[in-house]
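FYI, it's all coordinate maths here, none of it is from the lab. Bear in mind the structure is a predicted one, so any value in this text is a computation, not a measurement. Reconstructed Cβ throughout: ideal geometry from the backbone, glycine too, with neighbour counts over all protein chains shown.
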Amino acid sequence: MSVWGKVIGGVAGFALGGPLGAIMGTVAGHAYDKMKAGDAGRIDDNVTRQVAFTTAIIVLSAKMAKADGHVTREEVDAFKELFHIPADEMNNVGRLFDEAKQDAQGFEPYAEQISMMFAHQPAVMEELLGGLFHIARADGFVHPDELVFLRKTALIFGFSEPQFERLKAIHMGATGAAGDGGRAG
């Protein structure tokens with residue numbers, strides 16, 4: 001069974017009920033798959049956790065891309081580059097990404113969910129934050145609103161301000177300046 005296939009339930013749930021709806025939709029989609037396969041037993045907690053994590057990553061990535069007010073092709077390509085999505089699941093993932101990128105607001109519940117899931121594994125959250133930096137830099141310009149998004153996400157993940165500054169320096173260079181990437185800002 002593909003994790004990506006369960007994302008479709010999350011898309012429907014997100015459209016109807018926001019962050020919590022996405023998780024409930026994902027779990028419902030997983031339960032439906034299990035019943036269809038003749039396995040009406042207990043829903044596998046690991047699969048549910050993996051699907052919730054996948055949904056949160058997609059939504060955080062989309063909202064990161066939208067943080068500066070618009071989503072560029074480069075940002076979408078950066079997302080696809082980071083998270084190798086099987087071709088047969090691209091439509092499901094695309095629907096959730098498109099729904100989430102409508103605005104940058106409402107990312108906090110997803111960041112909180114990841115923070116709770118990986119409270120004892122900060123390396124996972126650091127890696128995800130690195131992916132969000134990658135998306136922010138993809139269009140050649142890190143907008144101040146993108147930095148605000150990244151900082152808030154890092155703080156929700158439990159990183160201190162100095163830890164965030166260290167991560168920013170790693171992903172944006174020693175000065176951590178947004179840079180104009182050849183564009184007027």
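Of note:
- Segments 100-112, 72-84 sorted - mean Cβ within 10 Å per residue, highest first: 100-112, 72-84
- Peptides 129-138, 149-158 ordered by packing proxy, namely the average of other Cβ atoms within 10 Å per residue, highest first: 129-138, 149-158.
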